[in-house]
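Just so it is clear, none of the values below were taken in a lab; they were calculated from the coordinates. Fair warning: this is a prediction, and the values are worked out from it, not measured in the lab.
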């Protein structure tokens with residue numbers, strides 16, 4: 001059966017695109033044992049057929065499958081522990097998962113904090 005070439009809607013990661021591959025069998029092995037129901041769930045989770053089916057569903061669902069180009073696609077936004085900084089406007093907004101920002105700075109941003117080096121520029125009031 002020939003499925004043809006991938007179209008624009010194909011959301012599978014391209015080789016070398018930086019997409020992270022997770023071994024679902026390793027995740028399934030970490031599931032807790034306990035009741036018969038949990039053991040059955042764990043056994044089914046490690047089944048090649050079950051894993052393949054789950055991967056096919058995830059690849060075709062745009063809610064859980066994205067293209068690598070969609071990650072960190074906002075160069076004017078800086079993700080920090082205190083919020084997302086809009087570098088063009090100089091504003092900080094709440095974190096927004098829909099921006100798909102994967103990296104975060106080590107320190108938060110304080111927009112109104114004085115800068116010791118900028119306060120000494122003659123004729124310019126750069127501090128708010």
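Figures for the structure shown
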quantity: Region 24-65: radius of gyration over Cα atoms, expressed as a fraction of 2.2 N^0.38 Å; calculated: 1.28
quantity: Added length on full extension, which subtracts the Cα-Cα distance from 0.36 nm per residue, residue 41 to residue 88; calculated: 12.0 nm
